There are 2 protein chains.
Amino acid sequence: MNAEILAVGTELLLGTTTNTDARDVSLALSELGINVYWHTVVGDNPARLTECLYRAKNRADLIVTTGGLGPTCDDLTKQTIARAFGRELYFDEAAAETIRGWFGAHGRTITENNMRQAWLPEGSTILPNDNGTAPGCLFETDGVIVAMLPGPPRECRVMLRNYLVPWLRERSGETICSHMVRMYGVGESQMEEQLRDLMDGANPTVAPYAKLGECLVRVTAKASSREECELLMTPMVEEVCRRMGEVVYGIDVDSLEERVLQLLLEKGMTIAAAESCTGGLVGQRITSVPGASQAFKGGVVVYTEEAKGRLLGIEQKFIDRHGVVSAAVARKMAKRVRKLLHADLGVGITGWAGPDGDDVGLVFVALAARGECYVRRLQLGRFDRERIRTVAAHSAFDMARRWLTGLDI
Amino acid sequence: MNAEILAVGTELLLGTTTNTDARDVSLALSELGINVYWHTVVGDNPARLTECLYRAKNRADLIVTTGGLGPTCDDLTKQTIARAFGRELYFDEAAAETIRGWFGAHGRTITENNMRQAWLPEGSTILPNDNGTAPGCLFETDGVIVAMLPGPPRECRVMLRNYLVPWLRERSGETICSHMVRMYGVGESQMEEQLRDLMDGANPTVAPYAKLGECLVRVTAKASSREECELLMTPMVEEVCRRMGEVVYGIDVDSLEERVLQLLLEKGMTIAAAESCTGGLVGQRITSVPGASQAFKGGVVVYTEEAKGRLLGIEQKFIDRHGVVSAAVARKMAKRVRKLLHADLGVGITGWAGPDGDDVGLVFVALAARGECYVRRLQLGRFDRERIRTVAAHSAFDMARRWLTGLDI
């Protein structure tokens with residue numbers, strides 16, 4: 001099955017909004033084994049939208065539109081689609097009831113405009129909107145499926161996951177499942193080299209991605225049941241893990257910090273962080289995972305030398321002797337914050353994030369445990385300020401992950 | 001002038017990458033007064049790319065492509081464009097020299113593949129790549145301008161800003177300038193209502209945007225010189241500021257935290273933060289602005305009650321009496337961190353970020369100065385964890401901004 005994704009919205013063409021809906025729909029369709037060959041964006045303009053629809057119905061089996069379902073007069077996706085496919089709009093009483101219910105529950109006054117959203121192309125299946133008022137819908141005509149999703153990303157994403165994907169899956173009679181293997185500490189090209197022959201398979205498929213120091217591999221299988229999918233995937237996931245070895249930090253986890261938190265909770269251990277150039281990023285990331293308070297004891301942001309003295313008792317003499325960006329200072333930060341907060345592990349990060357200075361990108365990351373302390377020296381001069389900080393935090397979580405799983409750091 | 005933006009890259013169709021380039025190019029072209037009517041995305045497929053190019057040249061005066069300029073065999077934008085427009089590729093010795101220089105400077109070995117990037121369509125103007133090796137280029141043919149930019153966002157953005165936009169501006173013989181007025185503490189619809197009549201003007205134009213609690217207005221003028229643009233813009237910027245009043249926090253600044261840092265530096269004052277539910281976000285945001293060490297004294301991340309005791313000396317009895325999420329605890333956090341780090345201002349944030357619990361979204365944000373302490377109670381139950389934390393940090397910066405400019409908090 002081939003698909004085209006058609007986004008409707010002048011704000012996308014003005015550049016004030018990013019087309020994340022196209023990404024979300026693409027990812028979901030790819031996981032279903034549907035090939036997406038085109039994305040198109042048009043403004044709130046019926047003529048150009050019609051032109052796109054005629055082209056799409058000649059080259060795609062599935063057209064997914066995003067946007068233009070709202071209550072204002074700019075929102076003309078349903079009308080334009082109905083006309084292009086020779087259908088009338090009808091007033092859907094069930095959709096209207098849902099819209100009235102939403103306004104009631106949110107204590108807001110309903111206007112006549114809002115009821116426009118209950119008009120749908122004849123013969124549509126409704127796709128409920130769990131995060132808003134505009135219902136989506138789909139219909140089939142001449143072998144083409146046309147599905148309409150709302151534009152706001154949180155409405156689009158949830159409708160996609162809860163209604164469109166299950167509908168497509170049921171229609172295909174197939175079950176599709178995937179696992180994500182996540183890695184840190186390997187380059188994209190090296191990973192691809194080690195896994196190249198596995199990527200030629202058709203079922204399961206093996207697809208690599210990379211993002212800022214992290215590498216990911218998605219293993220996807222199609223079969224008639226979840227169990228059969230698992231039987232197809234398990235040996236492949238094992239083979240990927242076997243080949244990649246220690247750099248694999250988790251399967252089906254969202255991030256390094258989530259994995260570290262899992263490991264800490266499993267072992268009943270705790271962590272604390274002393275951050276200089278990352279300015280609070282390590283704390284912010286670990287506390288972005290629900291449940292962090294069980295394992296994250298807290299931290300100090302010691303961006304200045306004065307703060308390193310006041311909060312951690314690191315003497316100015318010591319800093320002067322070693323330099324504020326040094327392995328010695330990183331170690332001391334990690335050890336002191338560990339003690340201060342009675343944690344099992346302490347992280348210390350000091351570095352030059354730039355943009356100015358001779359040593360921009362030089363960062364020391366230390367991990368202290370009872371009686372041990374490790375330090376990594378990073379040279380990230382090729383990155384900008386934001387990336388230097390991101391990679392420094394990645395590195396701290398990776399050191400903790402390796403320590404917690406008994407690997408060399 | 002009408003433009004079409006054509007992104008080339010299978011990763012966009014798979015949904016593993018978001019098309020931020022289209023947004024960046026759209027925004028830049030809109031500011032130049034160029035209308036963008038279409039975005040299209042195709043994979044690394046010469047036949048489909050050619051189809052798009054033929055269509056684009058019939059409906060656009062300017063075609064901007066992004067992606068497909070790299071050294072691998074997937075990268076076929078330049079070859080396909082040359083063929084579609086009946087041009088040969090030639091080996092550009094100056095581009096080759098730049099590529100060799102880049103590899104030399106980064107201490108990396110050059111391969112034959114990399115030199116493929118020096119082949120350009122005949123008659124091209126080179127667009128230098130300040131952040132990578134693949135040069136961009138542009139040519140004009142039959143009244144259509146075709147510009148090729150690289151795919152990686154940081155390469156695309158910088159080439160756009162440094163080379164394509166100046167080229168387009170010079171060609172049009174016009175100068176286009178804009179100012180951005182930024183606001184916090186007003187809703188989008190209220191802002192639009194107060195400024196609606198101003199949005200009808202043609203020169204300068206007034207365009208509003210909104211993002212998560214913040215509102216922005218861009219005022220853009222076209223004229224034959226920068227000075228004339230300023231003459232057109234100044235009264236409009238003043239009128240926007242007059243109508244919106246105290247919620248305006250800055251003009252041409254990037255963020256609330258940047259504005260707070262500016263104000264602190266102007267007044268020679270300092271700030272420190274004690275963060276519970278935001279987990280380090282306030283520190284991370286203020287230290288994302290270069291130069292923060294002059295005014296940000298540091299902070300503590302006191303995510304647990306234990307940490308509030310150990311780092312700030314807040315007694316368990318006090319927490320039990322008031323509740324850990326309370327105005328009293330927020331105040332104490334702000335006052336204690338201010339003292340601890342000898343800062344002029346102290347921020348304290350405590351709240352329930354969820355996802356579980358009865359009071360999800362309840363946050364107290366306190367600001368302590370000498371002899372005074374203010375607290376805001378936020379009820380953000382309609383937001384998810386990430387948004388609750390973002391708005392809590394916004395609120396802290398806004399309180400500091402208001403205090404520093406003598407406004408009521």
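FYI, it's all coordinate maths here, none of it is from the lab. Fair warning: this is a prediction, and the values are worked out from it, not measured in the lab. For neighbour counting, all protein chains shown are included, and Cβ atoms are generated from backbone atoms with ideal geometry for every residue, glycine included.
Shape of region B:255-403 from its Cα gyration tensor (a ≥ b ≥ c, root eigenvalues): rounded if a/c is under 1.5, otherwise prolate when a/b > b/c, or oblate? Spell out each step's value before the answer.
Details: a/c = 1.85, a/b = 1.30, b/c = 1.42.
Oblate is the answer for region B:255-403, as a/c is 1.5 or above yet b/c matches or exceeds a/b.
Cβ under 12 Å from B:Leu407's Cβ, B:Leu407 left aside: what net charge do those residues give with Lys, Arg +1 and Asp, Glu -1?
Values: positive: B:Arg401, B:Arg402; negative: B:Glu246, B:Asp398, B:Asp408.
Local net charge: -1.
List the pairs from A:Lys308/B:Lys267; A:Lys335/B:Lys317; A:Lys339/B:Lys317; B:Lys308/B:Lys332; A:Lys267/A:Lys297 whose alpha-carbon separation is above 19 Å, in the order I gave them.
Pairs exceeding 19 Å: A:Lys308/B:Lys267; A:Lys335/B:Lys317; A:Lys339/B:Lys317.
Nearest to the axis that maps chain A onto chain B: list the chain A residue whose Cβ wins, with the distance in whole angstrom.
A:Gly280, 2
Contact order normalised by length for region B:175-251, with contacts defined as Cα pairs under 8 Å and 6 or more residues apart; what percent is it?
45 percent
Out of the GluC sites (Glu not before Pro) in region A:84-137, which ones are loop residues according to DSSP with at most 16 other C-beta atoms within 10 Å?
Working: sites: A:Glu88, A:Glu93, A:Glu97, A:Glu112, A:Glu122; in loops: A:Glu88, A:Glu122.
Answer in residue order: A:Glu88, A:Glu122.
Given +1 on the Cβ of Lys and Arg, -1 on the Cβ of Asp and Glu, and no further charges, what dipole in debye does chain B carry about its Cα centre, rounded to the nearest 20? Intermediate results must be reported in sequence, preceding the final value.
Numbers: 47 positive and 53 negative charges, 337 e Å.
I would put it at about 1620 debye.
How much length, in nm to one decimal, is gained on full extension between B:Thr405 and B:Glu174, taken as 0.36 nm per residue of separation minus their Cα-Cα distance? Spell out each step's value before the answer.
Details: separation 231, 0.36 × 231 = 83.16 nm, distance 3.75 nm.
Full extension of this stretch gives 79.4 nm more.
Pairs of Cα atoms under 8 Å, at least six residues apart: use those to get the relative contact order of chain A, whole percent.
10 percent
Which value in nm describes the separation of the simple spin-label points at B:Val253 and A:Arg243, placed 7 Å from the Cα toward the beta carbon?
5.2 nm
List the lysines whose Cα lies under 17 Å from the Cα of A:Lys78, skipping any in the same chain that are fewer than 8 positions away.
Once the sequence-local lysines are set aside, what remains near A:Lys78 is A:Lys57.
Taking chain A as the region of interest, what is the percent of Cα-Cα pairs per 10 angstrom bin, listed from the shortest bin to the one with the maximum distance?
So the P(r) values, bin by bin, are 4, 18, 21, 19, 19, 13, 4, 1, 0.
At a threshold of 8 angstrom on Cα-Cα distance, excluding pairs fewer than six apart, so keeping six or more, what relative contact order does region B:2-172 reach in percent?
Relative contact order of region B:2-172: 24 percent.
So what does the Cα-only Debye profile of the protein assembly as shown read at q = 0.08 Å⁻¹, as log10 I(q)/I(0), no solvent term?
With one equal scatterer per Cα and no solvent, log10 I(q)/I(0) is -0.79.
Please get the size of the charge dipole for region A:142-225, origin at its Cα centre, with Cβ charges of +1 on Lys and Arg and -1 on Asp and Glu, quoted in debye to the nearest 20.
Rounded to the nearest 20 debye, it is 380 debye.
Rounded to the nearest 5, what % of DSSP beta bridges with both residues in region B:256-404 are antiparallel?
60 percent
Using Cα-only point scatterers and the Debye equation, what is log10 of I(q)/I(0) for region B:294-366 at each q in 0.16, 0.23 Å⁻¹, rounded to two decimals?
-0.54, -1.02
Pick from A:Thr17, A:Thr50, A:Thr234: which is most flexible by mean-square fluctuation in a GNM of chain A where alpha carbon atoms under 10 Å apart are linked?
Comparing A:Thr17, A:Thr50, A:Thr234 in a Gaussian network model of chain A, the most mobile one is A:Thr17.
Could you tell me how many degrees, from 0 to 90 and to the nearest 10, lie between the Cα long axis of helix B:256-267 and the main elongation axis, the longest principal axis, of the Cα atoms of chain B?
Once rounded, one gets 70 degrees.
What does the charge add up to near B:Val289, with Lys and Arg as +1, Asp and Glu as -1, over the other residues with Cβ less than 9 Å from its Cβ?
Spelling it out: positives minus negatives among the neighbours equals -2.
What is the Cα centroid distance between region B:328-374 and region B:298-315, reported in whole angstrom?
Going from one Cα centre to the other spans 11 Å.
Give me the net charge for the shell around B:Ile99: Cβ to Cβ below 12 angstrom, other residues only, Lys and Arg +1, Asp and Glu -1.
Summing Lys/Arg as +1 and Asp/Glu as -1 gives -1.
Taking the 0 to 90 degree range and rounding to the nearest ten, how far is the long axis of helix B:327-340 tilted relative to the main principal axis of chain B, both from C-alpha atoms?
Taking the Cα atoms of chain B, the angle to B:327-340 is about 80 degrees.
Read phi for every residue in region A:383-400 and hand back ³J(HN,Hα) as whole Hz from Karplus 6.51 cos²θ - 1.76 cosθ + 1.60, θ = phi - 60°, with x for Gly and Pro.
Values per residue, Gly and Pro as x: 9, 7, 3, 5, 5, 4, 5, 4, 5, 4, 5, 3, 5, 4, 5, 5, 4, 5 Hz.
Specify the angular offset, from 0 to 90 degrees and rounded to the nearest 10, of the alpha carbon long axis of helix B:46-59 from the longest principal axis of the alpha carbons in chain B.
Helix B:46-59 sits roughly 90 degrees off the main axis of chain B.
Compute, for region B:256-404, the length of the dipole vector about the Cα centre, with Cβ point charges of +1 (Lys, Arg) and -1 (Asp, Glu) only. Units Debye, rounded to 20.
460 debye
Can you pull the mean other chain C-beta count within 10 Å for peptide A:27-39?
4
Only sites in a loop by DSSP and with at most 12 other Cβ atoms within 10 Å count here; which trypsin sites (Lys or Arg not before Pro) in region B:106-208 make the cut?
B:Arg108
How much of the DSSP beta bridge set in the protein assembly as shown is antiparallel, as a percent to the nearest 5?
65 percent
How far, in nm, would the chain grow between A:Ala210 and A:Tyr90 when pulled straight, counting 0.36 nm per residue and subtracting the alpha carbon separation?
Here the segment from A:Ala210 to A:Tyr90 would lengthen by 38.5 nm.
Put +1 on the Cβ of each Lys and Arg and -1 on the Cβ of each Asp and Glu in the protein assembly as shown; which of B:Val217, B:Ala273, A:Val206 then has its Cα farthest toward the positive end of the dipole?
Result: B:Ala273, furthest along the dipole toward the positive end.
I need the calculated FRET efficiency for the pair B:Asp358 and B:Glu315, taking r as the beta carbon distance and R₀ as 35 Å, to the nearest 0.05.
Rounded to the nearest 0.05, the efficiency is 0.90.
List the residues whose amide H sits under 5 Å from the amide H of A:Tyr249, counting only those 5 or more places along or on another chain, with H placed 1.01 Å from N in the peptide plane.
Excluding prolines and chain starts, which carry no amide H, the hits are A:Arg182, A:Met183, A:Tyr184.
How large is ³J(HN,Hα), in whole Hz, for each residue of region B:141-152 in order, when computed from phi with the Karplus curve 6.51 cos²θ - 1.76 cosθ + 1.60 and θ = phi - 60°, using x for Gly and Pro?
Running phi through 6.51 cos²θ - 1.76 cosθ + 1.60 with θ = phi - 60° gives 8, 6, x, 10, 9, 10, 10, 10, 10, x, x, x Hz.
Between copies, how close do the A:Glu193 label points come, placed 7 Å along Cα→Cβ, listed in nm from shortest?
Sorted ascending, the copy-to-copy spacings read 6.4 nm.
Lys/Arg Cβ at +1, Asp/Glu Cβ at -1, dipole of region B:175-251 taken about the Cα centre: which of B:Val240, B:Gln190, B:Cys177 is farthest positive-ward?
Farthest towards the positive end: B:Cys177.
Across region B:133-254, what fraction of all alpha-carbon pairs, as a whole percent, falls in each successive 5 Å bin from zero upward?
2, 10, 17, 16, 14, 14, 13, 8, 4, 1, 0
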